[in-house]
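Bear in mind these aren't lab numbers, they're just calculated from the coordinates by the rules spelled out. All figures in this text were calculated on a predicted structure; none of them were measured in a lab. For neighbour counting, all protein chains shown are included, and Cβ atoms are generated from backbone atoms with ideal geometry for every residue, glycine included.
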Amino acid sequence: MDKVLLHHGGPHGVLRHILQADGGNYCASVNAATLAVIDAGIPLRDYVCAISAGFIEETPLADLNYVEEAAGGPQLALALLPKSEQIALLEMNARLHEDHLEPILEAASKACKDVYLVLDQVVREHLQEVTASLGK
């Protein structure tokens, strides 16, 4: 799993440091940026959750690791608004037979919704901690 550190970079915005990379750096950055926007108190109608996916040995996979990315098969990055199921970004790195697109999109969409559940849980726990500390 990728670990991304975001911090304010002065007048030039947010700087991103990748602490550990095992594939999916872009998607991890999108998920971290979503949390940063929420933490900054900017209201959102929906989270933006991103995941990488590919088709390896006739199997659709979501959240590709470095070895799976390096295998050279077709890959896509999906950024999804999970509640409305609107696609914010869909990017592919290679040609893919149309018969394989739907299974990969389904795997990526489900994984984005799973990421949403984790992010939402963390945000709610953080909100409870902050609220409790302000109440003391």
field: Modelled FRET efficiency - R0 35 Å, Tyr66 with Leu127, Cβ distances, 0.05 increments
entry: 0.55
message: Please list, ordered by chain and number, the residues whose modelled amide H lies under 5 Å from the amide H of Gly73; skip anything fewer than 5 residues away on the same chain.
response: none
task: Could you calculate the contour length gain from Asp114 to Asn25, that is, 0.36 nm times the residue separation minus the distance between their Cα atoms, to one decimal place in nm?
output: 30.3 nm
